[in-house]
Amino acid sequence: MFNFVQIIPLKDKKHDSALSMMIALMVCTILIVAFSALFLSNLSAQWHNSVTHIATLELPEGTSRSTISRVKNTLGNNSLVEDFKEINQDDIKSILSPWIDRALLDTNDIPLPTIYTLSLKSGSAIERDKLKFEIKAIDQEIKLSTHTNWLQKAFERATRLKLLAWGVGLVLSLTLITSISLLTRTRIHLNTDAIRLLHTSGATDNYIIKQFIIYISSLSIKGILAGSIAACILFLALTYSGHDEDMQNFTFNTLTKGDILFLILTPVFIFAFIVGTTSYTVSNTLKRMI
Amino acid sequence: MISFEEVGLRYGTQPEVFSGVNFTLTQGSFYYLSGPSGAGKTSLINLLSLNERPTRGFIRMFNQVIEHRDRNSLVGVRRKIGIVFQDFRLLNHLNVFDNVALPLRIKRTQEKHIQKNVKELLDWVGLGDKMHYYPLTLSGGEQQRISIARAIVSQPHLLLADEPTGNLDPEISEKLMKLFEQLHRMGTTIVMATHNERIIQDHPHPILNLDNGILTERIQPTLSDIKLRKSPLAEVSDAIKHL
């Protein structure tokens, strides 16, 4: 039977609620930051995997049939090209419609290029350059875009944002640990007489530490649960707002099982950190106090 | 049972509260610790209760040299000591029962034994019907009795009392002294800090007198179970004076 008696008068309704609230806010923020970092990390990795295997070939309007035929032959014979497909004119018009009035496009007065999308096998930069060179040799006006330049920049920016998110998460964790440590010290000093009484009555340091751990744990569990629930609600609200099914599938498909496990375990890590910090702080302060 | 050899204590860089204190306390005896306010009685009680460590000298308690032990290994020694504080030091968020049960809970005594022992003890000190009251709802005398019950519930070998009658009226003080005499007859060693001369006269026991940091002995006619001895340095000093 668990008959724990809180011998040190640590409870303080007003301040306890504030502490639980602070833990809840920190946990919620840490979880959202961790989720953002993981999401961004996986998203950029997905971009990298999907876009590096795609290229676009743009032939200006008026390109002769023989040139188109030579291009097709070159693409068919190149070992890097897995498959290629011409985008039909209607799709090109749809792509251009945000910038050019659709009615004007339908008059066929605007010259439209012929565009091929290429599926590429994994290959080196030299192989990509070789393909570009072969296409340019047919006609200088044909543009082959492999997206690697802008992709590299986007990837670097995503990495920076990801590092920033982890940095914010780390700062928040340190702030939480410092707050718990300060609170513990304050409670020790407010209850010096009770602690001395326990000590004089034969209590070990571990007994006194346990008193603090049980008190801090009860507040932390409340805060961590509230913070985790708030983070889940925010996460679900962001995912399901706007009834965007693609976004919903995308969000859940982007996170791996490992990521989800990490997010579930984050509150457990935070709890362990809080308990560890409390134990260390009480132990150190007791050594100096008595 | 307890011996002090050349014990000195100072707080920080301040002058020593007392120096070269030597005495031996035998088991089952009763000693008063007297002296003017600020003479160091509470500091000596703190040393005896292991709340302070001496800045010099040796303290031996229950066959253990205190200086050679780390903090956690002194827990066993502390559990043999009960303390009655002048300001009671009761935990106001706990009821009378839980306050008295404190040392037993710390020792992880079985709950059925706690229930039995604490109830018996509260009946003995006349608080059996108030075990569910909170300290702040009780009188000073009743609070002092809770403090005493807490100090003796784990049957300590040594009972320290720091000015236990300081906040009590003469009638309750007399009752308290009868309680202490009873505990003494049951074999508990008692050291009671007091400067109440009337109590000392009415209940004669050997006196350790602290004044200006020097501990001297005043043996009253009825009891002489204290072995106070001078430090070797003091003996040399005396010898020089007699030259």
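Observations on the structure shown:
- Counted residues, region B:138-170 - those being in a loop (DSSP other than H, G, I, E, B), polar (S, T, N, Q) and in contact with a strand residue (DSSP E or B) (Cβ under 8 Å, 6 or more places away or on another chain): 1
Per-residue answers, yes or no, for (1) within 17 Å of the chain's Cα centre (by Cα); (2) more than 14 Å from every other protein chain (Cβ to nearest Cβ); (3) of a type outside the set (F, W, Y); (4) more than 24 Å from B:A101 (Cβ to Cβ):
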site: B:P164; (1), (2), (3), (4): yes, yes, yes, no
site: B:E174; (1), (2), (3), (4): no, yes, yes, yes
site: B:L183; (1), (2), (3), (4): yes, yes, yes, no
site: B:I200; (1), (2), (3), (4): yes, yes, yes, yes
site: B:L208; (1), (2), (3), (4): yes, yes, yes, yes
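- Flag for A:E134 being at pLDDT 80 or above and within 13 Å of A:E58 (Cα to Cα): no
- Within region B:69-76, not a single residue is open to solvent by less than 10 Å² (accessible area, probe 1.4 Å), at pLDDT below 85 and more than 13 Å from chain A (Cβ to nearest Cβ).
- Residues within region B:1-21 that are open to solvent by 10 Å² or more (accessible area, probe 1.4 Å) and either assigned to a loop (DSSP other than H, G, I, E, B) or not acidic (D, E) (or both), tallied: 12
- Where B:P54 falls short, out of the listed (1) surrounded by 15 or more Cβ atoms within 10 Å (Cβ to Cβ); (2) out of contact with any strand residue (DSSP E or B) (no Cβ under 8 Å at 6 or more places or on another chain); (3) more than 14 Å from chain A (Cβ to nearest Cβ): (2)
- Taking the criterion of being among the β-branched types (V, I, T) and open to solvent by less than 20 Å² (accessible area, probe 1.4 Å), the residues of region A:24-51 that qualify are A:V27, A:I30.
- The single residue among A:I214, A:I209, A:I224, A:I195 that is at pLDDT 90 or above, in contact with a Phe, Trp or Tyr (Cβ under 7 Å, 6 or more places away or on another chain) and open to solvent by less than 20 Å² (accessible area, probe 1.4 Å) turns out to be A:I224.
- Taking each residue of region A:33-48 that is closer than 18 Å to A:F262 by Cα and looking for partners that are polar (S, T, N, Q) and surrounded by fewer than 17 Cβ atoms within 10 Å (Cβ to Cβ) with beta-carbon atoms closer than 6 Å, six or more apart or interchain, yields A:F39/A:T254; A:N42/A:T254; A:L43/A:T254.
- Of the candidates B:K107, B:K80, the single residue that is over 30 Å from A:D12 (Cα atoms) and either out of contact with any Lys or Arg (no Cβ under 9 Å at 6 or more places or on another chain) or within 9 Å of chain A (Cβ to nearest Cβ) (or both) is B:K80.
- Residues that are among the aliphatic types (A, V, I, L, M) and open to solvent by less than 10 Å² (accessible area, probe 1.4 Å), drawn from region B:154-175: B:L158, B:L159, B:L160, B:A161
- Count - residues of region B:83-102 that are touching a Pro at 6+ places or on another chain (Cβ under 9 Å), outside any loop (DSSP other than H, G, I, E, B) and either open to solvent by 10 Å² or more (accessible area, probe 1.4 Å) or more than 10 Å from chain A (Cβ to nearest Cβ) (or both): 3
- Taking helices (runs of 4 or more DSSP H) as the structural unit, those lying wholly within region A:60-172 and holding at least 1 residues that are within 28 Å of A:Q46 (Cα to Cα) correspond to A:65-77, A:89-96, A:125-138.
- Considering residues of region B:110-137 that are in a helix (DSSP H, G or I), more than 22 Å from B:Q182 (Cβ to Cβ) and out of contact with any Leu (no Cβ under 7 Å at 6 or more places or on another chain) only, the residue farthest from the other protein chains (Cβ to nearest Cβ): B:T137
- Any chance A:T117 is among the β-branched types (V, I, T) and surrounded by 13 or more Cβ atoms within 10 Å (Cβ to Cβ): yes
The values are calculated or read from the model by the stated rules, or taken from the named source; none is laboratory data. Note that the structure is a prediction, hence the values are computed from the model and not measured. Don't worry about glycine lacking a Cβ; one is built from the backbone with ideal geometry, like all the others, and counts go over all protein chains shown. Remember, those area values only see protein heavy atoms, side chains included, never the ligands or the DNA or RNA. Shrake-Rupley method; radii C 1.70, N 1.55, O 1.52, S 1.80 Å.
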